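The values are calculated or read from the model by the stated rules, or taken from the named source; none is laboratory data. In this text the structure is predicted, and so the values were computed from the model without any measurement. Cβ coordinates were reconstructed from backbone atoms using ideal geometry, including for glycine residues, and neighbour counts include every protein chain displayed. Just so you know, the surface numbers come from the protein's heavy atoms only, side chains and all, with ligands and any DNA or RNA stripped out. Shrake-Rupley method; radii C 1.70, N 1.55, O 1.52, S 1.80 Å.
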Amino acid sequence: MEFGNGAKENREIKISKDSKTFLELRDIVNRFDPVDLVEGGAPDDEHDRLTTEILMLLFQDSMDEIRDLLINCQIWYGYDPNDIKEEYRERFNSKIDRTQKEILNWHTKNKN
């Protein structure tokens, strides 16, 4: 996956300054695993673009945008979140809400 220039620079800076932070967030994102790639055997860095984008939002205190990012990142993998069948929508939304809550709790814990 390609990073935009800003995202790539932030990712490199964050990893070099505090890789523990990035790796902890990566762990959360990999459990979220938007389209089950990691579960299917993809490498741990498969969702680093998403991890980087979330970190950027956290650094900018743009907490409200995280949920939208978790939903819309599906497009990066070739899926349209609007195409999710009604019978799967509740499970999808629960996964999004659970992951957003986990990220925000993690961020709050690490901010102090």
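Worth pointing out:
- For segment 21-102, the list of GluC sites (Glu not before Pro) that fall in a loop by DSSP and count at most 12 other C-beta atoms within 10 angstrom reads GLU39.
- Computed from phi, the 3J(HN,Hα) profile of segment 20-27 under the Karplus parametrisation 6.51, -1.76, 1.60 (θ = phi - 60°) reads 4, 4, 4, 5, 5, 5, 4, 4 Hz, with x in place of Gly and Pro.
- Per residue, the accessible area of segment 15-72 comes to 52 Å², computed with a 1.4 Å probe over protein heavy atoms only.
- Projected label points at VAL35 and TRP76, each 7 Å from Cα along the beta carbon direction, are separated by 1.2 nanometres.
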